[in-house]
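The values are calculated or read from the model by the stated rules, or taken from the named source; none is laboratory data. Since the model is a prediction, treat every value here as computed from it, not as a measurement. So basically every Cβ, Gly included, is an ideal-geometry build from the backbone, and we count neighbours across all protein chains shown. Quick note on the areas: whole protein, heavy atoms, side chains included, nothing else; ligands and nucleic acids left out. Shrake-Rupley method; radii C 1.70, N 1.55, O 1.52, S 1.80 Å.
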Amino acid sequence: MDTVTRSQLVGALRRTLQAIDAVDAAWEGGSTAFAGDDALSDVDVVAVVADEAVEATFAQIEFALHSLSPVTLRHDVDGTTGFAQKFYRLRDAGEFLVVDLVLIRRSDPLLFREVELHGRGPIWLDRRSLLVESHLDAGRDHTQALARVPVLATAFAMFQHIVTKERLRGHAVDALSFYQAMTLRPLAEALRLLHCPQRRVFGLRYLARDLPADSCARIEALAFVRDLDDLAAKHDAARLWFDRCIDRLQRLGPGSGLPDR
């Protein structure tokens, strides 16, 4: 039985971080920062911590979590730079109410505060006035988006034959894998470049948040493939849609809106 609620978990995390002197700032991110959290959402927490206190802060958080429920699983993310990240699953919080905890070292300038990418998460504390809302540099971002268009176009044109040849060979898993990576992901990026260029790096994630419902429905229909014959038809449809998007990007540029269906 799930006895730990989201509000209890958020409250315990917030109180714990507020009580640690080495924590400069803390806030909630993820779907909450976009007002999109629901009953299936996890809890995304970010904190800025003194460099030498990162592991001690994790230990105090884990103690607080254990006071709510035994922690049945922890995953430490490898290879991060400037921050440390761990995930926790609690026995009594259910399958979906996972804690995603990021501790940013005080010496690192990365704060995940760009509104276009990270939303506006509730601030739990800010002892050093670090959490100033920031935005992407619009001019520089537009220049980078423009530069991405010819690269995306040539890569797409170059590699569609790989999907086709694996389908013709009868290698269904290979064909589907390449279709996802070399057709649908670039298509999603082209759609993002037209509709929300500042969020072009998110690929197939968060499409329901970022694109109109009819575009999401079309992507979903293309993503679910029944068999190799169905793949052939959907591959053709995706290529045509991509070509229309690239044509509009080349003529009108990023942010010019999606083409008419």
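Where the accessible area of the chain is counted over protein heavy atoms with a 1.4 Å probe, how much of it, in %, is carbon and sulfur?
Values: 7390 of 13620 Å².
C and S atoms contribute 54 percent here.
Whole Å is fine, so just give me how far the alpha carbon centre of region 1-74 lies from that of region 232-246.
43
For the full complex of protein chains and a 1.4 angstrom probe, list 102, 173 by accessible area with the highest value first. Could the numbers behind the result be given before it?
Numbers: 102 15, 173 115 Å².
Ranked from most to least accessible, the order is 173, 102.
What share of Cα pairs, in percent, lie more than 33 angstrom apart in the chain?
On the way: 12488 of 33930 pairs.
For the chain, the share of Cα pairs beyond 33 Å comes to 37 percent.
Accessible surface of residue 200 in the full protein assembly, 1.4 angstrom probe, to the nearest 10 Å²?
30
How would 165, 86 rank on accessible area, largest to smallest, probe 1.4 Å?
If we order 165, 86 from most to least accessible, we get 165, 86.
For region 97-144, run through the GluC sites (Glu not before Pro) and keep only the ones in DSSP coil with at most 16 other Cβ atoms within 10 Å of their Cβ.
Working: sites: 114, 116, 133; in loops: 133.
Here the sparse-neighbourhood loop sites are 133.
Sorted from largest down, what three extents in whole angstroms do the Cα atoms of region 127-237 have along their principal axes?
Result for region 127-237: principal-axis Cα extents of 59, 27, 27 Å.
Counting Lys and Arg as +1 and Asp and Glu as -1, each charge on the Cβ, what is the dipole of the chain about the Cα centre in debye, to the nearest 20?
Details: 32 positive and 37 negative charges, 138 e Å.
The dipole of the chain has a size of about 660 debye.
Using +1 on the beta carbon of Lys and Arg, -1 on that of Asp and Glu, and nothing else charged, what's the dipole of region 141-194 about the Cα centre, debye to 20? Before the final figure, lay out each step's value.
Values: 6 positive and 4 negative charges, 26 e Å.
With only Lys, Arg, Asp and Glu charged at Cβ, the dipole is about 120 debye.
Any idea how far the Cα center of region 163-180 sits from the one of region 205-219, in Å?
The distance from the Cα centre of region 163-180 to that of region 205-219 comes to 25 Å.
Counting only heavy atoms of protein chains, what accessible area per residue, in Å², does the chain have with a probe of 1.4 Å?
52
What size of dipole, in debye to the nearest 20, comes out for region 117-261 about its Cα centre when the only charges are +1 on Lys and Arg C-beta atoms and -1 on Asp and Glu C-beta atoms? Please report the intermediate quantities before stating the final value.
Details: 22 positive and 17 negative charges, 62 e Å.
Here region 117-261 has a charge dipole of around 300 debye.
For region 172-261, report the % of Cα-Cα distances exceeding 19 Å.
That tail contains 35 percent of the Cα-Cα pairs.
Charges on Cβ only, +1 for Lys and Arg, -1 for Asp and Glu, centred on the Cα centroid of region 1-135; of 46, 13, 103, which one is farthest towards the dipole's positive end?
Of the candidates, 13 comes out farthest on the positive side.
Which helices of the chain meet both criteria: a Cα extent of 20 Å or more along the helical axis and a mean Kyte-Doolittle score no lower than -1.0, with helices taken as whole DSSP H segments?
The answer, listed by residue number, is 54-68, 138-168, 228-252.
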